[in-house]
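Chemist: Here it is, the structure, as C-alpha cells.
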Amino acid sequence: MPINIQQLTPADLDGMAKLVTLFGEVFDDFETYTGHPPDAAYLTNLLASDTFIALVAWQGDDVVGGLAAYELRKFEQQRSEIYIYDLAVSASCRRQGIATGLIQELQRLGAARGAYVIFVQADTDEDDQPAINLYTKLGTREDVLHFDIPVAR
C-alpha cells in the first residue's frame with residue numbers, strides 16, 4: 001500500500017490524534033504524549049498557527065510516520081529556521097524511506113516559507129543511532145550541548 005504524506009490542517013484533528021499516539025508508541029512514552037491531551041480548540045489553534053507544522057505519513061487510514069516542527073523567525077535577518085521537535089516512524093514501516101520523505105516535504109515547505117535551514121537534535125545513546133544515521137545522511141552534523149532550563153512557576 002502506498003505512503004501519502006500530508007500536512008495537517010485545523011480540520012485534521014483525527015490525524016493529529018493518531019500522530020500523537022504514534023509518538024507515544026514509538027518513544028515508549030504514552031504518559032507524555034497521551035496522558036493529558038489538549039482539547040480540540042487548543043489543537044485547532046495550534047494547527048492553524050503559521051509557526052507549527054505537523055506532517056503525517058498515511059498508509060491507508062493508518063498514520064505510520066510523522067513529524068512535528070516549529071518555524072522560528074529570526075531577528076538578525078529576515079529569514080527563519082525550522083526545528084524538528086519530534087519525528088517517528090512505526091517499527092513495522094522503518095527502512096522504507098518514510099522519514100526521508102517527511103523531511104523532504106518539510107524542506108519543500110521550508111523553502112516556500114523562506115527558511116534557510118532545518119535543524120534537529122538526536123540523543124547520543126545507542127537507542128538513537130538510527131536517527132543519527134538518518135540525519136547524518138541528510139545534513140551536516142554539529143556537536144552541541146543541550147540544556148533544559150525550568151520556567152519559574
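The values are calculated or read from the model by the stated rules, or taken from the named source; none is laboratory data. Since this is a predicted model, take the numbers as computed values, not measurements. With ideal geometry, Cβ positions are generated from the backbone for all residues, glycine too; neighbour counts draw on all protein chains shown.
Chemist: Of all residues in region 58-81, count the ones that are under 18 Å from the mean Cα position of the chain (by Cα) and not in a strand (DSSP E or B).
Modeler: If we filter region 58-81 for residues that are under 18 Å from the mean Cα position of the chain (by Cα), which is where we start, we get 58-59, 62-73, 80-81.
Now narrow it down to the ones that are not in a strand (DSSP E or B): none.
So the count comes out to 0.
Chemist: Scan region 58-84 for residues that are in contact with a Ser or Thr (Cβ under 9 Å, 6 or more places away or on another chain) and within 14 Å of THR21 (Cβ to Cβ) and jot them down.
Modeler: Across region 58-84, the qualifying residues are ASP62, VAL63, VAL64, GLY65.
Chemist: Scan (1) surrounded by 14 or more Cβ atoms within 10 Å (Cβ to Cβ); (2) at pLDDT 95 or above for the single condition ARG94 breaks and write down its number.
Modeler: Going through the list (1) surrounded by 14 or more Cβ atoms within 10 Å (Cβ to Cβ); (2) at pLDDT 95 or above, ARG94 breaks only (2).
Chemist: Taking the options GLU25, GLU105, name whichever one is more than 23 Å from GLY139 (Cα to Cα), outside any loop (DSSP other than H, G, I, E, B) and among the acidic types (Asp, Glu).
Modeler: Values: GLU105 fails: more than 23 Å from GLY139 (Cα to Cα).
When all the criteria are applied, what remains is GLU25.
Chemist: Name the single residue that is farthest from VAL117 (Cα to Cα) among those in region 31-76 being aromatic (Phe, Trp, Tyr) and loosely packed, with under 13 Cβ neighbours inside 10 Å. Even if it seems obvious, please write down each step before you answer.
Modeler: The first filter runs over region 31-76 and keeps only residues aromatic (Phe, Trp, Tyr), leaving 33, 42, 52, 58, 70, 75.
If we keep only those that are loosely packed, with under 13 Cβ neighbours inside 10 Å too, we end up with 42, 75.
Details: TYR42: 28, PHE75: 15 Å.
This residue is TYR42.
Chemist: Can you name every residue in region 87-102 that is part of a loop (DSSP other than H, G, I, E, B) and either aliphatic (A, V, I, L, M) or closer than 16 Å to LEU19 by Cβ (or both)?
Modeler: Start the filter on region 87-102 by keeping residues that are part of a loop (DSSP other than H, G, I, E, B), which leaves 90, 94-97.
If the condition is that a residue be part of a loop (DSSP other than H, G, I, E, B) and either aliphatic (A, V, I, L, M) or closer than 16 Å to LEU19 by Cβ (or both), then SER90 is the only one that fits.
Chemist: So TRP58 fits all but one of (1) at pLDDT below 95; (2) in contact with a strand residue (DSSP E or B) (Cβ under 9 Å, 6 or more places away or on another chain); what number is the exception?
Modeler: So the condition that TRP58 fails would be (1).
Chemist: Taking interchain pairs and intrachain pairs at least six residues apart, which have beta carbon atoms under 9 angstrom, with the first residue in region 1-13 and closer than 11 Å to TRP58 by Cα and the second assigned to a loop (DSSP other than H, G, I, E, B) and acidic (Asp, Glu)?
Modeler: Pairs that qualify, where the first residue is closer than 11 Å to TRP58 by Cα and the partner is assigned to a loop (DSSP other than H, G, I, E, B) and acidic (Asp, Glu), are GLN6/ASP12.
Chemist: Among the candidates ILE53, ILE84, single out the residue that is in a strand (DSSP E or B), modelled with pLDDT under 95 and either over 16 Å from ASP12 (Cβ atoms) or within 11 Å of the chain's Cα centre (by Cα) (or both).
Modeler: Working: ILE53 fails: modelled with pLDDT under 95.
After ruling out the rest, the residue left standing is ILE84.
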